[in-house]
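The values are calculated or read from the model by the stated rules, or taken from the named source; none is laboratory data. Because the structure is a prediction, the values reported are computed rather than measured. Cβ placement follows ideal geometry from the backbone for every residue including glycine, while neighbour counts extend to all protein chains displayed.
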Amino acid sequence: MIIDTHQHFWKYDPEEYSWIGPEMKALQRDFLPEYLQKTLRQAGVDGVISVQARQTTGETEWLLSLAEENDFIRGIVGWVPLTDPAVEDLLERYADRRFFKGVRHVLQDEPDPDYMLRKDFNAGIRKLKRYDLLYEILIFERHLPQTLRFVDQHPGQMFVLDHIAKPLIRDRILSPWQENLTELARRDNIFCKISGLVTEADPYHWSEDQLKPYLETVLEAFGPERLMFGSDWPVCLTACRYEQWLDIVQRFIATLSEDEQALIMAENARKVYKL
């Protein structure tokens with residue numbers, strides 16, 4: 001079994017998806033379940049976790065409706081206003097929806113690098129555990145020091161780190177990302193997605209050898225027990241085909257035991273997202 005723990009859907013609108021710049025022309029169109037389903041079938045992938053791409057509750061509702069209509073969508077990670085004192089009303093409502101697995105906020109785009117340390121944001125995070133919901137961390141590598149302080153405030157909360165914290169792959173820089181990621185991985189309540197690497201490299205001139213030190217670092221830091229495969233489709237299409245990224249990950253973990261490979265490709269996802 002293969003579970004892809006990270007992909008997005010959207011009906012393209014240049015204002016709603018302003019982060020899709022002119023250099024990302026391949027993404028300036030609709031990406032809907034029917035397009036992904038064909039790709040998954042060809043790649044031999046069984047199911048996906050759909051992750052929010054807009055910071056609206058409308059996005060959360062839309063993703064939930066897509067999951068209810070498409071069997072291959074096994075769960076969704078939505079968005080709620082965590083800084084709103086009334087956020088618990090939303091969490092209570094969504095927690096009853098079987099496909100609602102967790103919450104994400106686009107921390108990497110916040111002008112305040114310490115946004116995740118705000119009292120109101122952390123008050124919202126503290127409400128997630130009550131509803132058995134995870135929180136996904138989307139950051140750049142420069143945010144790792146704050147992330148350590150953030151995660152340490154919530155020892156009982158399940159966290160998932162997206163895109164291995166977006167290291168400076170394009171510039172072939174490992175430090176201090178490597179040291180900070182290794183320290184973060186010492187917290188046993190955080191899992192990490194092997195995703196997003198090709199777009200942090202030069203999308204047009206990356207190589208598999210260039211990615212290898214970053215893959216080796218996350219494997220050593222988290223071990224097979226806390227890593228999960230993710231494609232970041234359709235964003236990955238700016239740098240590689242879906243099947244190409246899947247093949248890179250599978251070849252990288254091929255030296256592990258069959259049980260360890262199964263953990264990364266599906267079993268950890270089934271545990272973390274309660275599939």
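In this structure, does Asp89 turn out to be touching a Ser or Thr at 6+ places or on another chain (Cβ under 7 Å), part of a helix (DSSP H, G or I) and surrounded by fewer than 18 Cβ atoms within 10 Å (Cβ to Cβ)? So Asp89 does not fit the description; no. The residues of segment 54-77 that are in contact with a helix residue (DSSP H, G or I) (Cβ under 7 Å, 6 or more places away or on another chain) and over 16 Å from Leu91 (Cα atoms), listed by number, are Leu66, Asn70, Phe72, Ile73.
Residues of segment 88-135 that are closer than 18 Å to Ala165 by Cα and touching a Leu at 6+ places or on another chain (Cβ under 8 Å): Val103, Arg104, His105, Val106, Leu107, Gln108, Tyr115, Met116, Leu134, Tyr135.
Can you work out which of the residues in segment 162-206 that are free of Cβ contacts under 8 Å to residues at least 12 places away in the same chain and over 18 Å from Phe150 (Cβ atoms) is surrounded by the most Cβ atoms within 10 Å (Cβ to Cβ)? Result: Ile173. Looking across segment 105-130 at every residue that is outside any helix (DSSP H, G or I) and among the acidic types (Asp, Glu), the one that is surrounded by the fewest Cβ atoms within 10 Å (Cβ to Cβ) is identified as Asp112. Take the conditions closer than 23 Å to Ile2 by Cβ, without any contact (Cβ under 8 Å) to a residue 40 or more places away in the chain and surrounded by 21 or more Cβ atoms within 10 Å (Cβ to Cβ) and apply them to Leu215. Does it pass? Against the criterion (closer than 23 Å to Ile2 by Cβ, without any contact (Cβ under 8 Å) to a residue 40 or more places away in the chain and surrounded by 21 or more Cβ atoms within 10 Å (Cβ to Cβ)), Leu215 does not qualify. If you go through segment 134-184 and keep only what is basic (Lys, Arg) and either within 20 Å of Arg118 (Cβ to Cβ) or over 17 Å from the mean Cα position of the chain (by Cα) (or both), you end up with Arg142, Arg149, Arg170, Arg172.
Can you confirm whether Arg251 is in contact (Cβ under 8 Å) with a residue 12 or more places away in the chain, basic (Lys, Arg) and either part of a helix (DSSP H, G or I) or crowded, with 18+ Cβ neighbours inside 10 Å (or both)?
So Arg251 fails the test.
Those helices (runs of 4 or more DSSP H) of segment 131-247 in which at least 3 residues are modelled with pLDDT of 95 or more and over 23 Å from Lys25 (Cα atoms), considering only elements entirely within it, cover 144-152, 177-184, 208-222.
Looking at segment 250-271 only, could you name the residues that are in contact with a Gly (Cβ under 9 Å, 6 or more places away or on another chain) and β-branched (Val, Ile, Thr)? None - no residue of segment 250-271 is in contact with a Gly (Cβ under 9 Å, 6 or more places away or on another chain) and β-branched (Val, Ile, Thr), so the list stays empty.
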